[in-house]
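One structure is given below, encoded as structure tokens.
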Amino acid sequence: MTPPNPIQDYKRHSRFSFLSARRQWQLALMLFSLHGLLVWGMGSELQTAWTLFHYGCFLLWQPVLHGREPLSLRTALILVSGGILMTMFMSWWLMAFWLCLLFSLLGGRIFSFTKTASRPGFLMAATYLLAMLTMHVVPQLLARNIDTDALIALVEYGLLLLPIGVLFTKAENGDAHQVLAMDFFYTLMLLMITITLVLGCFAIAMTTQARYTEVLLKMIFALAAGLLALSWFWNPRAGFSGIGLILSRYLLSVGLPFEQWIQNIAELAQQQRTPANFLAHSVAEIAKLPWVQGAKWQLGQAEQQLGKPSVHFHELQFHDVELTLYSRWPLTPALTIHVKLLTRIVAEFYEAKRREESMTQNAYMQAVYETGARLTHDIKNLVQSMGALCSAAEHTAASDQERLLALIRKQLPLLNERMAKTLTKLQSPANETRSTLPILQWWENFQAHYPHLGIIFEATISANPAVDGDVLDSVTDNLIQNALAKRSSQPELTIYVSLSGDNHYTVAVRDTGSAMPSAIADKLFKKQVSSGKGLGIGLYQAAKQANASGLTLALKENREGSVWFTLGPQQTA
């Protein structure tokens with residue numbers, strides 16, 4: 001999104017502040033014209049003039065059509081027809097319905113504002129309309145004129161103080177795009193209540209011939225009792241769940257079955273592989289709503305747009321997405337909450353797709369890392385085996401040249417074979433194959449890896465099962481190299497390598513050096529541990545390699561003079 005421009009924001013705020021202040025004058029002018037029509041225009045020669053003047057003032061103030069929107073031919077015909085009908089069929093009954101409509105429109109505006117500073121003007125205007133309806137229009141319907149001078153003066157001149165007070169109230173300085181907002185639900189409810197009040201007063205007065213004041217009080221108390229009962233049934237304390245829950249389930253849809261919409265979003269989350277595609281299809285689902293005209297969203301540096309922009313828009317932001325929805329009319333508070341709910345659902349699914357993509361990438365990188373670490377481990381073992389042969393060549397006396405030559409002739413093919421397997425793994429890790437050989441043959445070959453290094457080999461095994469020689473070489477080499485590294489700082493250390501058991505064989509590597517610190521021993525084989533002497537990282541990889549081959553690498557004993565590692569088949573229950 002483009003960065004905000006302070007100058008443009010100030011101009012826009014000033015423009016809408018002026019618009020809001022002007023609308024206070026329009027409201028007051030509409031009330032003055034209405035007062036003139038009701039008090040001095042009805043039944044007089046100036047009735048038509050007052051009617052047209054009032055209707056024009058109403059069109060200037062009305063909260064339904066936006067002043068900056070182009071007026072279509074259909075809308076213009078409706079407005080002209082309304083003025084003609086109002087002029088031709090003007091009567092007290094029409095004025096009663098007209099006042100009920102104006103009162104409901106003002107009441108809907110009152111409930112649309114969250115800032116209390118903008119309400120006094122509308123409260124005074126609504127009070128004026130209700131007072132004129134009950135004190136002047138309804139008595140005219142009943143042909144019971146107010147016969148006291150005080151009430152006549154109050155109606156003709158006292159109530160004018162309310163429209164005058166509207167001129168001095170604070171203008172609406174909230175969100176510029178919500179200045180003309182109106183809550184449809186509250187407007188409809190207030191319209192029904194005022195119509196009920198008028199018709200109830202007329203029906204009771206005509207059937208009982210009671211005084212109008214008594215009829216009005218009875219009707220007001222009846223409506224109050226009905227609203228009190230409705231408020232209790234709306235959210236009862238126990239038992240019945242309340243009509244509020246039933247109505248909320250319906251209002252939650254606001255143009256679509258909510259459950260069906262959620263199902264469509266869930267299906268999109270399963271069908272679309274990338275978060276960007278899911279977001280695009282989800283915004284398209286939102287754009288199908290009848291009150292949405294278009295949408296624009298920005299993901300990173302990419303910006304996309306759907307439909308057409310309008311003067312009514314609502315900006316939303318979640319995670320790294322900035323979304324702007326364009327509506328056909330100003331969003332009411334209820335519809336704003338609904339928009340936030342829909343986008344919140346889309347945001348949660350979008351974040352789930354992001355996490356899924358991130359986890360897939362991490363799993364791929366983890367597989368690459370583990371493959372590289374394992375192959376690095378194999379290469380390290382090969383280098384260590386070659387180092388052992390070089391060490392043997394350096395310490396072999398001249399009389400043992402033939403024995404050294406036999407050892408080299410025996411070990412070089414094995415090293416060459418292991419090197420070839422490692423290169424094969426590097427080229428195609430997924431096609432890795434395993435070769436087996438009898439364990440005694442492996443034991444014999446393995447002892448030849450470490451000549452003249454002072455390592456004591458012991459074998460007490462009664463069977464000769466087939467084993468994976470590569471895995472045993474890799475893991476056991478790692479254990480021996482760790483023990484040799486420890487010997488560099490502890491010259492008196494002795495290393496024992498033993499093979500014992502039968503079909504459930506065990507390869508053990510033990511040294512007589514110092515024990516490992518408990519902090520390292522507790523984390524051994526579970527995670528990578530850096531000890532400064534080579535212990536931990538290689539053993540972590542060796543343990544994973546052993547587990548993948550059905551073997552278990554364990555620290556059997558860890559005390560001063562006896563550090564004992566064992567490697568053998570996993571025991572099944």
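Read-outs: derived from the displayed coordinates by stated rules, not from any lab. None of these values were measured; they are calculated from a predicted model. Cβ: placed from backbone, ideal geometry, glycine included. Neighbour counts: every protein chain shown.
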**OP:** Pull up all non-local amide H partners of LYS170: gap of 5 or more, or a different chain, and H-to-H distance under 5 Å with H placed in the peptide plane.
**Re:** GLY121
Subject >> Diffusion coefficient, µm² s⁻¹, Stokes-Einstein with Kirkwood Rh over alpha-carbon pairs of the range 258-364 at 37 °C and 0.692 mPa s >> reply: 230
**OP:** Output ³J(HN,Hα) for the range 32-45: one whole-Hz value per residue in order, computed from phi by the Karplus curve 6.51 cos²θ - 1.76 cosθ + 1.60 with θ = phi - 60°, and x for Gly and Pro.
**Re:** 4, 5, 5, 5, x, 5, 6, 8, 10, x, 5, x, 9, 5
Original post:
So who's got an amide H within less than 5 Å of the one on ALA295, skipping anything under 5 residues away but keeping other chains? H placed 1.01 Å off N, in plane.
Top reply: LEU306, GLY307, LYS308, TYR326
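Please go through the residue pairs LYS486/LYS544; LYS170/LYS296; LYS170/LYS308; LYS486/LYS556; LYS486/LYS523 and name each one whose alpha carbons sit more than 30 Å apart in this structure.
Numbers: LYS486/LYS544 23 Å; LYS170/LYS296 35 Å; LYS170/LYS308 35 Å; LYS486/LYS556 18 Å; LYS486/LYS523 19 Å.
Checking Cα-Cα distances, LYS170/LYS296; LYS170/LYS308 exceed 30 Å.
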**OP:** Would you kindly derive the ³J(HN,Hα) couplings of the range 277-290 from the backbone phi angles with the Karplus curve 6.51 cos²θ - 1.76 cosθ + 1.60 (θ = phi - 60°), listing them in order in whole Hz, with x for Gly and Pro?
**Re:** 5, 4, 5, 4, 5, 5, 5, 4, 5, 5, 5, 6, 5, x
Subject >> Distance in nm between pseudo-label sites at ARG74 and PHE221 (7 Å out along the Cβ direction from Cα) >> reply: 5.0
Original post:
Under the Karplus relation 6.51 cos²θ - 1.76 cosθ + 1.60, θ = phi - 60°, what is the ordered set of whole-Hz ³J(HN,Hα) values for the range 506-511, x standing for Gly and Pro?
Top reply: 9, 9, 10, 10, 10, 10
Original post:
Considering amide H positions built from the backbone, and no H for Pro or chain starts, which residues 5 or more places from ILE495, or on another chain, come under 5 Å of its amide H?
Top reply: ILE456
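With +1 on each Lys and Arg Cβ and -1 on each Asp and Glu Cβ, and nothing else charged, work out how big the dipole of the range 258-364 is about its Cα centre, in Debye to the nearest 20.
Approximately 240 debye in magnitude.
Work out the FRET efficiency for ASN277 and LYS340 from their Cβ-Cβ distance, taking R0 = 22 Å, and round it to the nearest 0.05. If you can, show how the numbers build up before the last one.
Numbers: r = 24 Å, r/R0 = 1.07.
Computed FRET efficiency for ASN277 and LYS340 comes out at 0.40.
Quick one: MET192, MET30, fewest Cβ neighbours within 10 Å first, how do they rank? Kindly include the intermediate steps, with their values, before the conclusion.
Working: MET192 12, MET30 24.
Fewest-to-most Cβ neighbours within 10 Å comes out as MET192, MET30.
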